[in-house]
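I have placed the structure first, in the form of structure tokens, so that the comments after it can refer back to it.
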């Protein structure tokens with residue numbers, strides 16, 4: 001779905017995306033949080049992406065994961081936070097998970113200040129009753145952007161398969177401490193999250209009629225990992 005939008009003249013764009021083992025916070029947990037940044041007017045190749053997950057950045061548990069990612073978003077000192085369904089799903093999921101922590105981290109300043117643009121909100125509102133809400137991939141396709149593909153153990157990795165298979169398997173592998181296997185899983189995770197983050201940025205600019213040259217959306221990757 002295309003939209004004709006005008007946003008403020010933001011210079012530093014920050015985006016994020018989470019991956020979980022279930023869409024309900026009572027039934028799942030946070031596996032990883034991806035964060036990206038891009039300076040408006042610069043090539044897509046200058047965008048930077050970071051994946052936070054247990055087993056990297058010294059992260060030990062879910063509380064540490066969310067705290068570290070939130071702190072990193074604040075450190076980037078962006079002008080706006082961009083997501084796709086990040087308000088109703090991602091931030092809501094994290095808030096409910098944080099309520100379980102001994103010490104809940106404060107949400108990023110861009111979230112609490114209202115400088116969060118959710119690219120899904122207006123699209124959901126534009127749908128008629130009973131109409132299927134557009135996915136991020138649907139929106140990319142409407143603008144002629146390639147659909148990112150991460151192939152894991154012979155099949156495409158999507159949200160459902162991540163929650164049912166990849167997320168639990170990754171957490172099991174992390175628990176074993178097998179660094180070689182953990183590295184394999186992190187490579188999959190990095191590609192999967194990076195393409196989603198780049199898709200957020202591409203869609204943000206496309207809605208404004210601004211060109212953006214992605215570097216990973218049209219580069220499918222295939223990965224094979226050992227099952228836990």
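Since every read-out is calculated from the coordinates, none of them should be taken as a lab result. Remember, it's a predicted structure, so these values are computed and weren't measured experimentally. Every residue, glycine as well, gets a Cβ built from its backbone with ideal geometry; the counts of neighbours run over all protein chains shown.
Report the calculated FRET efficiency for residue 77 and residue 7 (r = Cβ-Cβ distance, R0 = 22 Å), to the nearest 0.05.
0.75
Could you pull out which residues in segment 17-37 have an amide N less than 19 Å from a spot 7 Å beyond the Cα of residue 46, following the Cα-Cβ vector?
Output list for this probe position: 36-37.
Determine the equivalent ellipsoid of segment 84-210 by diagonalising the alpha-carbon gyration tensor, then write out the semi-axes as square roots of 5 times the eigenvalues, largest first, rounded to whole Å.
28, 22, 14
Which order, highest average first, do 181-187, 150-156 follow once you tally other Cβ atoms within 10 Å for each residue and take the mean per peptide?
181-187, 150-156
Apply the a/c threshold of 1.5 to the C-alpha gyration tensor of segment 15-160 and tell me whether it is rounded, prolate or oblate.
Note, shape of segment 15-160 comes out rounded.
How far is helix 179-206 tilted off the main Cα axis of the chain, in degrees rounded to 10, range 0 to 90?
10
How many angstrom lie between the C-alpha centres of segment 41-58 and segment 88-167?
17
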